[in-house]
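Have a look at the structure below before the remarks.
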Amino acid sequence: MKTNSLGLPVKETQVLVAELNILLSNFQVYYQNLRGLHWNIRGKRFFDLHLKFEELYNDSQLKIDMVAERILTLGGTPLHTFEDYTNNSKIKIGKNISNDEVAIQLVITCLSELLKIERVILKQSSEIDDEGTNSMMSDFIKEQEKTLWMMKAWMEEEM
Ligand SMILES: [Fe+2]
């Protein structure tokens, strides 16, 4: 088995890089969704949610950078154009959302989609003992699952 300078198998690492670029693309769409929610949210919870979406997009921005730099660390090239992101992403795009429940629902939908991709990467990275990618995915999954719980708790408050 041919390995790279990190000691990881060359072929499998390329597969992993491709999947990380898919995650990066979906994350960028999620990030832009959050900017839209931050800007367009209206109603009695404006101050609350305006800030919450800012907190979420700041967190996403950090994660996006971590994914891109992991791709580089693994010898790949991170996608960086809007064109590539839309072509490689299937996450739901939210447009002109001002209603609070629709906004939170979009966050829930997007996080569920990101978690699916991250679990695929988690499996691939664990199969080749790529601990760097694996632990990053573990952290993302753990944090996003907690955010999902909070978002769902918020939704139930209305029922
Ligand atoms: Fe702002």
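The values are calculated or read from the model by the stated rules, or taken from the named source; none is laboratory data. Not measured: the values here are computed from a predicted model. Counting neighbours? That spans all protein chains shown, and the Cβs are built from the backbone with ideal geometry, glycine included. Quick note on the areas: whole protein, heavy atoms, side chains included, nothing else; ligands and nucleic acids left out. Shrake-Rupley method; radii C 1.70, N 1.55, O 1.52, S 1.80 Å.
Tabulated results
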| read-out | value |
| --- | --- |
| Filter result for Gln28 (within 14 Å of the ligand (Cβ to nearest atom), at pLDDT 95 or above and either in a helix (DSSP H, G or I) or closer than 22 Å to Ile128 by Cβ (or both)) | no |
| Residue in region 34-57 that is assigned to a helix (DSSP H, G or I), away from the ligand (no atom under 16 Å from the Cβ) and within 15 Å of the chain's Cα centre (by Cα) present | no |
| Ile71 outside any helix (DSSP H, G or I) and either more than 16 Å from the ligand (Cβ to nearest atom) or among the β-branched types (Val, Ile, Thr) (or both) | no |
| Which listed residue, of Thr86, Thr133, is surrounded by fewer than 19 Cβ atoms within 10 Å (Cβ to Cβ) and either on the phi > 0 side of the Ramachandran plot or among the polar types (S, T, N, Q) (or both) | Thr86 |
| Residue within region 148-157 that is part of a loop (DSSP other than H, G, I, E, B) and in contact with a Ser or Thr (Cβ under 7 Å, 6 or more places away or on another chain) present | no |
| Condition met for Leu20 (assigned to a helix (DSSP H, G or I), open to solvent by less than 80 Å² (accessible area, probe 1.4 Å) and within 16 Å of the ligand (Cβ to nearest atom)) | no |
| Any hit, region 94-102, residues being hydroxyl-bearing (Ser, Thr, Tyr) and farther than 28 Å from Gln14 by Cα | yes |
| Check on Gln124, more than 17 Å from Ala68 (Cα to Cα), in contact with a Leu (Cβ under 8 Å, 6 or more places away or on another chain) and free of Cβ contacts under 8 Å to residues at least 40 places away in the same chain | no |
| Inter-residue pairs, beta-carbon under 7 Å, first at positive phi and in region 21-49, second away from the ligand (no atom under 15 Å from the Cβ) and part of a helix (DSSP H, G or I), 6+ apart | Gly43/Asp100 |
| Test: residue in region 103-118 that is loosely packed, with under 14 Cβ neighbours inside 10 Å, in a helix (DSSP H, G or I) and acidic (Asp, Glu) | no |
